[in-house]
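Contents: one structure, followed by commentary.
Any read-out appearing in this document is the output of simple, stated calculations on the displayed coordinates, not a laboratory observation. These numbers were taken from a predicted model, which means no experiment stands behind them. Positions of Cβ are generated from backbone atoms using ideal geometry, with glycine treated the same way; all protein chains shown enter the neighbour counts.
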Amino acid sequence: MLMPAPEQEIIAQRLELIAALRQIVPGEGVIADETSLRAFECDGLTAYRQLPLVAVLPSDTQQVSAVLKLCNERGVKVVPRGAGTSLSGGALPLADGVLLGMGKFNRVLEIDWDNRCAVVQPGVTNLGITRAVEHRGFYYAPDPSSQIACTIGGNVAENSGGVHCLKYGLTTNNILGVEMVLMNGEIVRLGGKHLDAEGYDLLGLICGSEGLLGVITEVTVRILPKPATQRALLAGFPSSEAAGDCVAKVIAAGIIPGGMEMMDRPAIHAAEDFVHAGYPRDVEALLIIELDGPSAEVDDLLARVKAIAELCGSTYLRVSQSEEERLTFWAGRKAAFPAVGRISPDYLCMDGTIPRKRLPDVLTRMTELSEKYGLRVANVFHAGDGNLHPLILYDANNPGELERAEAFGADILRLCVEVGGVLTGEHGVGVEKRDLMPAMFSETDLAQQERVKCAFDPNHRLNPGKVFPQLHRCAEMGKMHVHKGKIAFPDLPRF
Amino acid sequence: MPETFVPHGISDVADVIRWAAAEAKPLDLHGHRSKAQLGRPSQSGYALDLSRLHGILDYEPAELVMTVRPGTLIGDIEKQLAAQNQMLAFEPPDLGPLWGGPTNRGTLGGAIGCNLAGPRRFKAGAMRDHLLGFVAVSGRGEIFKAGGKVVKNVTGYDLPKLVCGAYGTLAALTEATIKVLPAPEKTRTVLIFGLDDAKAAQAMAVAASSPHEVSGLAHLPAGIAAKSGVGYVAQAQQAVTAIRVEGTDVSVKARCEALRDLLKDFGALEELHSMNSSWLWREIRDVSYFVLPQDRVLWRISTAPMAGPVVMAKIVAVRPDAEAFYDWGGGLIWLSLAPGEDAGEPPVRGAVAKHGGHATLIRADAALRGTISVFHPQPPALADLARRVKESFDPMNILNPGRMAAGI
């Protein structure tokens, strides 16, 4: 993975830069020694590592603003970082860039019960928000599996989802406002405690912009009353087609479960060996279907889902009879990644979305690719929304195996696009899928996105090298070659 | 009258926009013009009529997605969806009659441009939460796509959010993929009678904070309730607070019962079933109470739910002619004022400034809409950013120029 070539003249100014940053963030807020900087050298995509030029940990918005302004004026690149759990390398440092750690922004500022929202700093963890409001029966809905560690600021940057997002939406559907600092140091507020915007929906644009447009310094999230009941059903099938058919029929019956997860045989076995969730070993596909909501509704719908599963040829059916049992059902799924980690020294977690009806094709093609590359693959799948997480098993100690795993992964993602899907459902493009963007978007498509980037950061100083396979100068991008007098008056019906 | 281009396909749209960009001729983008009077008045010499780009291209009920040409009538989309027991969960209102137009002339393109949302907004989202991807022609005359055709996608910037509520100032859409959802089997509405605005906001907060999954929270003061076409509401002769519950039969019954128990101390209660319930929410959705008289000025205020009654009290203190009702648990105020030379802007925007949110001037004559900011003015840094975003799509400023603000 090629990152933008480090600018030697910036590296040469390192000491001056450190001194200037210390003027803004005094004391231990500027980290410059190698040992301490190691903590920031990678995020959740551990295959890529890079020491930043220097790390700075501001503690208020004014400091963030001053740091960005300074870096913008000096032409220094900045990489924002929350908890560093990105699976796509969104927080991968740059050798000639400042790493801006937002960890000190860790306070819940306000809980507004009657307006059902909370104002929090970006370094508060996803689960931390739920912890702050659950004593009064509320929670924050998006629940990425890294929710213990990942922060809400990072969730906004990546537009994080989770197993419940088919019913409750992604981050973008669950936040009301942000305070954000632009690369030139300007502080803007988008939204508030109200719904929708007075002008362009920049809040919607910021969500999922992967730290390329601004640095979030405050977030207003919506909080929801916890569902009265949650019950889950395990359904095993002799084929992924049958399981996929069951998912389609549940949705066609008008039921949107709180969660609907699928695992294939390798994933079922790995999870069962690890946490003993009681999964059947003799099925090709296993569904965990969770229904949540008012008790009367959950019981009613569970009976319907069970009937659909039977109709689709389910060979194994179990309904959770207690909260403990429901959590056991989930324990296996939630431990799927570490479970795979036990049976393989390393694994790559992919993240494509496909139209659900193409699942059987995609799984067949994936098996062929697995043979071609000589690498095993296990699949977990947010079946309700078509978000597929193939886990490619490899051993980084074997020369060439990481490269082979990456090539396998790239083929899977191209396959997702080919069948009408997308490169990433929730992990983001980052550096990981950056060079695959042309598989999904034309040059014109990408140029339009880059122009939007230019509106926020015309010098490409904020998190460059992520998302876009090539960086173009904004001045070039913005030019419009008009041929005055040469374009004919359009020959179209007119009234 | 502007000279109007009527393209039938995407390449025609690109031709027109390329020509307009080269000649610096502003274009007025529209469908059936049902919301033409929303926004600052247009002065373009040319118009681009996108209503011929219509039709449903693909509909996969089990995938929860539909791909349509934006000139398709919302009513036609809803008909197709209803046949599969599905719906547009954001409940797009039919606003045409507010400006004296016929019903059901609104297109999906219009819903996108105006980011429409109905009473289910606080639970199910707005248009912005349902547009998954699109194909469009930018102000540069370039055909581009953004987003995808699946319900979960974070690949690249979320430009679908950005075009929602952009009033056609960024690009001319030629294809849109939207998320659709199952329609509820049953709908009921719990009514509470006789609450003042502040007490109603509290009652709605209690309902919204309960686990009973309410999907509509509106408050009609007595004068508005009297205009309802639903007997129970019109004949109440007092304020009516409405709380909607949707789902399966058994669930809806159980939740209404639980809500009635929860809210019994607020006032007398009643329950609306099936048609009465859907009629009431349609009136609220379409702002039917303020269709007539058409010379009254109409504002739409979005604020925090509990701030709604406070904002209104401030406005009423200086404008006793104000009439209003609340949706979204108090967070959406539809406000009607007697006509006047400033459209009531100072008290309206003043009250909103204090409590957060934004006020949009929905109905006023063209002269007023040309002088008063239709959309809530933004602080300079944000306004500059918005202008740069506009420029990134439309550097020649030819797509609906000035529809939202000067230069945008």
> What angle, in degrees between 0 and 90 and rounded to the nearest 10, separates the Cα long axis of helix B:197-208 from the longest principal axis of the Cα atoms of chain B?
Replying inline: 80
> With respect to the cross-link table entries B:Lys227/B:Lys314; A:Lys433/B:Lys152; B:Lys179/B:Lys253; A:Lys193/B:Lys152; B:Lys314/B:Lys354, which display a Cα-Cα separation exceeding 20 Å?
Replying inline: B:Lys227/B:Lys314; B:Lys179/B:Lys253; A:Lys193/B:Lys152
> Where in the stretch A:433-458 does the amide nitrogen come within less than 17 Å of the point 7 Å from the Cα of A:His481, taken along Cα to Cβ?
Replying inline: A:443-445, A:447-448
>> For a test of the definition: using alpha carbon positions, the gyration tensor, and the 1.5 limit on a/c, classify chain B as rounded, prolate or oblate.
In response: oblate
>> Rounded to the nearest 5, what % of DSSP beta bridges with both residues in the protein assembly as shown are antiparallel?
In response: 90
> Under a 5 Å amide H to amide H cut-off, with H placed in plane at 1.01 Å, what residues pair with B:Glu271 once short-range neighbours are removed?
Replying inline: B:Leu191
> Which whole number gives the average, over all residues in B:130-142, of C-beta atoms from other chains lying within 10 Å of the residue C-beta?
Replying inline: 2
>> If you average the alpha carbon positions of the stretch B:165-189 and of the stretch A:372-438, how far apart do those two centres end up, in angstrom?
In response: 31
>> Taking amide H atoms as placed 1.01 Å from N in the peptide plane, list the residues 5 or more away in sequence, or in a different chain, whose amide H sits under 5 Å from that of A:Val98.
In response: A:Lys77, A:Val78, A:Val79
>> Helix-only mean residue ellipticity at 222 nm, chain A, DSSP H runs n ≥ 4 weighted -39,500 (n - 2.57), per residue, nearest 500. What is it?
In response: -10000 deg cm²/dmol
> Between B:Glu257 and B:Glu341, 0.36 nm times their residue separation minus their Cα-Cα distance comes to what?
Replying inline: 25.3 nm
>> Quick check: Cα centre of the stretch A:236-302 to Cα centre of the stretch B:234-258, how many Å?
In response: 34
>> Please compute the Kirkwood hydrodynamic radius of the stretch A:377-495 from all pairs of different C-alpha atoms, in Å with one decimal.
In response: 17.6
> Counting other C-beta atoms within 10 Å, which of B:Cys164, B:Cys114 has the fewest, and how do the rest follow?
Replying inline: B:Cys114, B:Cys164
> Based on the Cβ-Cβ distance from A:Ser295 to B:Arg296, what FRET efficiency comes out when R0 is 45 Å, to the nearest 0.05?
Replying inline: 0.45
> Applying the Karplus parametrisation 6.51 cos²θ - 1.76 cosθ + 1.60 with θ = phi - 60° to the phi angles of the stretch B:339-356, what ³J(HN,Hα) value in whole Hz is obtained for each residue in order, glycine and proline being reported as x?
Replying inline: x, x, 6, 10, 6, x, 4, x, x, 5, 5, x, 5, 5, 4, 5, 10, x
> Of B:His219, B:His376, B:His273, which has the largest mean-square fluctuation in a 10 Å C-alpha GNM of chain B?
Replying inline: B:His273
>> Restricted to Cα positions, what overall size does chain A have along the principal axes? Three whole-Å values, descending.
In response: 70, 67, 55
>> Going by amide H atoms built from the backbone, whose H comes under 5 Å of the H on A:Leu176, apart from near neighbours?
In response: A:Thr220, A:Val221, A:Arg222
>> Testing the spin-label approximation: label points 7 Å from Cα along Cα→Cβ at A:Ala307 and B:Thr371. State their distance in nm.
In response: 6.6
> Rounded, prolate or oblate: which fits the stretch B:183-239 when a ≥ b ≥ c are the square roots of the eigenvalues of the alpha-carbon gyration tensor, with rounded for a/c under 1.5 and prolate only if a/b beats b/c?
Replying inline: oblate
>> Which of A:Thr220, B:Thr169, B:Thr248, A:Thr444 has the fewest other C-beta atoms within 10 Å, and how do the rest follow up to the most?
In response: A:Thr444, B:Thr248, A:Thr220, B:Thr169
>> Using only DSSP helix segments of four residues or longer, with each worth -39500 (n - 2.57), what per-residue ellipticity at 222 nm results for chain B after dividing by its residue count and rounding to 500?
In response: -9000 deg cm²/dmol
>> Calculate the FRET efficiency for B:Ser274 and A:Ala5 from the Cβ-Cβ distance with a Förster distance of 56 Å, rounded to the nearest 0.05.
In response: 0.25
> What does the charge add up to near B:His355, with Lys and Arg as +1, Asp and Glu as -1, over the other residues with Cβ less than 10 Å from its Cβ?
Replying inline: +3
> Taking a quarter of the surface of the Cα convex hull of the stretch A:153-295, what do you get in nm²?
Replying inline: 11.6
>> Give me a comma-separated list of calculated 3J(HN,Hα) values for the stretch A:444-451, in order, Karplus coefficients 6.51, -1.76, 1.60 applied at θ = phi - 60°, integers in Hz, x for any Gly or Pro.
In response: 5, 4, 5, 4, 5, 5, 5, 5
> So what's the projected area for the stretch B:323-408, the Cα convex hull averaged over all directions, in nm²?
Replying inline: 6.8
> Cα extents of the protein assembly as shown along the three principal axes, largest first, in whole Å?
Replying inline: 78, 68, 61
> From the backbone phi of the stretch A:249-266, what are the Karplus-calculated ³J(HN,Hα) couplings (6.51 cos²θ - 1.76 cosθ + 1.60, θ = phi - 60°) in whole Hz, Gly and Pro given as x?
Replying inline: 6, 4, 5, 4, 7, x, 9, 10, x, x, x, 8, 10, 10, 10, 8, 3, x
